[in-house]
Amino acid sequence: MLTVRDMVEGTGVRVLAGAAGLDRPVRWVHISELADPTPWLSGGELLLTTGMPIEDGGGAAYIECLATHGLAGLGVGTGVGGLDVVPETMAKAAEAHGFPLFEVPYETPFIALTEKAFTEIVNDQAAMLQRAIAAHERLEQVVLSEHGLDGIVSALAKLVDGGAAIFDARGVQLARRGLDDATVGATASTLRRRGPRGFSPSPRAIALPVPRTGTEPDQPGGAQAWLLAGRAAEPLSELDRLTVHHAVTVVALELLRRRVAADTERRLAGDVLASLLSGELEGSELRRRLQPFGLEDRVSALVLAPPRHLKDAAEAALADAARAEAGGGLAAGNGALSCALLPVGGNDEAFFAQAERIRAAVSAEVGAELPAGAGRAVPAGEVRRGFHEARWALEAVAVEANGNGHPVRLATYRDLGSFQLLLSLQDDDALRLFCDSILSPIETGEGAYGGELMRSLEVFIECNGQWERAAKQLFCHRHTLRYRIRRIEELTGRSLDSARDRIDFWLALRGRELLH
């Protein structure tokens, strides 16, 4: 940092007054012969003048004007047409203000001072830029080495000789190193109130937004996170602030890396989930595909059915909660469902308690209570059965809660009821024969229209035979629904007024899901 002392030493000038201010920083050097140059100065400049604007007896007022405007100092050139000597009144005023005043003799041209200043300033800026680039490279290396957000705040804290923290857009702390609780709390509180684009939670700290990369779905623009850095005893230097600005880019890179990795993992998990549910993966091959997700021994399934507008957020939250609670596992979507396959180390009761914590965490993250179903632990090669147990437990409790005011909760095998009859059938051929014997007449008798009849049959049963409610869900008139149900009865030779036939239809529909 260039100071007034640096400017006067070795340049042939003579300090007349204000020696107490010689360590003031010099931001720039300016030459002016105006009576009041301050409207064109922003503070921190070292002013050079020949004294031409200083009228008789006006030196003290001139000094006071410059000092109160925050200039670094004043150099008066003598013997060049303005002043032959610097007036004593100027020296007394400068001493009173602690404002550096020095004489520049005729033999020392102003260009010698300006060249010295500009060379020092440019060198300082180049050195600061080099140090900033080195700091940026250090932070980039943290990202490349996959040390995560914790690694970034640790490296940044060392670079600024203070502390650092990262928050998400809502003010939730993601990583922290070496900052006091008051500063962190003030930052989080400001962010919860949707803070400005940049602010200082304390005189010795700065918080900067981490902009979005444009790859986040449905979230254009705005900040995706916030970076906080500061010191406990002194303000951040200019270099420190430049380093923090560089760190913002590095945090954005790390968040992008994490998001790409998470998206890739979810796609891989989705492929594995789709393959095991279709029956393409079984036994040893299924166990091999599950091993990279930490699913090698006993596995259980947790299934949620979030609303469509919350599905992406719910699946991301499910993956995070599964890692936090179970230390691994697979999280992906399958149609309208979101599923996590989790390693089970204890008994089923311990897993169900863990599954409830995960359900609650996902609900809190998306801001809506989501029901969930959990299956019992099964060997990794038989996890398809565990998925269906969780799915049907979820469906059973959803039917129970539909319009009946029951609280949202985790469903388990205890809620399965008749579903357990289907799950207990280990012979797929026997289950397929049962389903086809009941449903095939509908498909073969009506062709393409058979799918519409199947849908009407399922909704009618789920609505407990309530014509108005079922017709509303199917978006058709109740007379249309009556025609469809009558046609189903004609094709199958069964009656939906019969409790036994209704149960057979319902079991066959559920069995088809298990087979597919």
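Rounded to the nearest whole Hz, the Karplus-based 3J(HN,Hα) values (6.51 cos²θ - 1.76 cosθ + 1.60, θ = phi - 60°) of region 354-365 follow the sequence 5, 4, 5, 5, 5, 4, 5, 5, 5, 4, 5, 5, with x at glycine and proline. Listed by chain and number, the aspartates and glutamates whose alpha-carbon sits under 20 Å from that of K116, ignoring those within fewer than 8 places in the same chain, are D6, E9, D23, E45, E103, E107, D124.
Amide H to amide H distances under 5 Å link V29 with L46, where only residues 5 or more positions off or on other chains count and H is placed in the peptide plane. Ellipticity at 222 nm from helices only: DSSP H runs of n ≥ 4 in the chain, each -39500 (n - 2.57), divided by the residue count, give -17000 deg cm²/dmol. Applying 1/(1 + (r/R0)^6) with R0 = 56 Å to the Cβ-Cβ distance of E382 and I133, what FRET efficiency is obtained, to the nearest 0.05? E between E382 and I133, to the nearest 0.05, is 0.50.
Placing unit charges on the Cβ atoms only, positive for Lys and Arg and negative for Asp and Glu, gives the chain a dipole magnitude near 1860 debye about its Cα centre. DSSP assigns beta bridges within the chain; of those with both partners inside it, close to 70 percent run antiparallel. Against the chain, whose longest principal axis is taken from its Cα atoms, helix 238-278 shows a tilt of about 10°. Using the Cβ of L410 as centre and a radius below 9 Å, the other residues enclosed give a net charge of +1, where K and R count +1 and D and E count -1. Heavy-atom accessible surface of the chain, averaged per residue, reaches 49 Å², computed with a 1.4 Å probe. Given their separation in residues at 0.36 nm each and the Cα-Cα distance between them, T444 and I461 gain 4.0 nm when the chain is fully extended. Of the solvent-accessible surface of the chain, computed with a 1.4 Å probe and all protein chains present, 51% belongs to carbon and sulfur.
Each of L208, L281, P235 was scored by the projection of its Cα onto the charge dipole of region 200-318, and the greatest displacement toward the positive side belongs to P235; charges sit on the C-beta of Lys, Arg, Asp and Glu. Between H309 and R267, the FRET efficiency from the beta-carbon distance, with R0 = 22 Å, is close to 0.55.
The lysines whose alpha-carbon is closer than 29 Å to the alpha-carbon of K472, local same-chain residues fewer than 8 away aside, are K311. Between Q291 and Y106, the contour length at 0.36 nm per residue exceeds the Cα-Cα span by 58.2 nm.
The values are calculated or read from the model by the stated rules, or taken from the named source; none is laboratory data. The structure presented is a predicted model; accordingly, all values stated were derived computationally and were not measured. Because the Cβ atoms are built from the backbone with ideal geometry, glycine has one as well, and the counts that use them run over all protein chains shown. Accessible surface is based on the protein model in full, side chains and every heavy atom, while ligands, DNA and RNA are left aside. Shrake-Rupley method; radii C 1.70, N 1.55, O 1.52, S 1.80 Å.
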